Amino acid sequence: MEITINFKEEKEILHVLVKGEIDAYTAPKLRDKLDAIEIEEKANIAIDLSEVTYIDSTGLGVFVAFYKRATRETAHVRLVGLSERIKRLFEITGLSDLMDIDTDKKVELS
Amino acid sequence: MTKNFDYIEMKFPAKPQYVSVIRLSVSSLASRLGFSYDEIEDLKIAVSEAVTNVVHHAYDEDGEVVVGCALYEGKIELMISDYGSSFEYERVKSTVGPYHNESSIENLREGGLGLYLMDALMDEVLLANNESGVTVFMTKHVTREQVDEGAERITTQ
């Protein structure tokens, strides 16, 4: 049960690729990586969750915190590549109304 | 009298690294009951939320989380407790009352989104809060075809 977080800057967009399971054990590592990002004004950040196989409220909380910080810096954060299951979690919790989420980053395999 | 369920109890150190082990253990037990993929995924999240609450809030120092699973035909009942020791399943079950939205968040000590998700993903969530700790009691039914339910009802005549 590990998590990996990779960064790639491309066309003025910072891509954050998260891979693995996000729960109480792995969330602190994700939080540290996101906290370490220096957010510039009006930056564009895309967090790719297409390789996240599990997330619960611990993980949602990490993204909420990062989203709030980015918004303060007038940066724009999008969560992309959400599976139907993960998208549903954002909808159930009401976060999909508050955050910019998208399912279309990668082609769904099924 | 024969019990109409199998009861399995597991005890883990209340540490974050065991949360995934616990949800996978529960999901493999639940998969024997005929739950769909989505229902199993819902169970995994609900279990993790309850266990995470214990891990984050129950103990100042080392402690344990007790996970009880009652496997019925067509449903699973789960108990997640921050008692330091095992408990009498039937006795604790008889002490839980209805889940009231306002009071339970306090009972869970920062339930927040986690408690909300448990409630949304399970069919029933109850809390027992007493001097020895907090127990979350959750039920999920296997979704059945309408025909099956009708057939069962007829046989009770």
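Table for the structure above
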quantity	calculated
Average beta carbon contacts from partner chains per residue of B:8-19, 10 Å cutoff	2
Average beta-carbon neighbours from other chains, 10 Å sphere, peptide A:12-24	2
Calculated FRET value between B:SER27 and B:ALA120, using beta carbons and R₀ = 22 Å, to 0.05	0.75
Averaged over B:48-55, number of beta-carbon atoms from partner chains that fall within 10 Å	4
Per-residue Cβ neighbour rank within 10 angstrom, fewest leading, B:SER81, A:SER96, B:SER36	B:SER36, A:SER96, B:SER81
Gain on full stretching of the segment that runs from A:THR71 to A:ALA36 - 0.36 nm per residue minus C-alpha separation	11.0 nm
Listed pairs A:LYS11/A:LYS33; A:LYS42/A:LYS68; A:LYS11/A:LYS42; B:LYS3/B:LYS75 exceeding 19 Å between Cα atoms	A:LYS11/A:LYS33
Gained length - A:LYS87 relative to A:GLU10, 0.36 nm times residue gap less alpha-carbon distance	25.2 nm
Using distinct alpha-carbon pairs, which all enter the 1/r mean, Kirkwood radius of chain A in Å	13.9 Å
For chain A: relative contact order, % (alpha-carbon pairs under 8 angstrom, 6 or more apart)	24 percent
Mean Cβ count within 10 Å, highest first, over the residues of peptides B:52-59, B:15-22	B:52-59, B:15-22
Bins of 10 Å from zero: percent of alpha-carbon pairs in the range B:22-81	23, 51, 20, 6
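No lab work stands behind these numbers, since they all come straight from the coordinates. Just so you know, these numbers come straight off a predicted model, no measurement behind them. Every residue, glycine among them, receives a Cβ derived from its backbone with ideal geometry; neighbour counts consider all protein chains shown.
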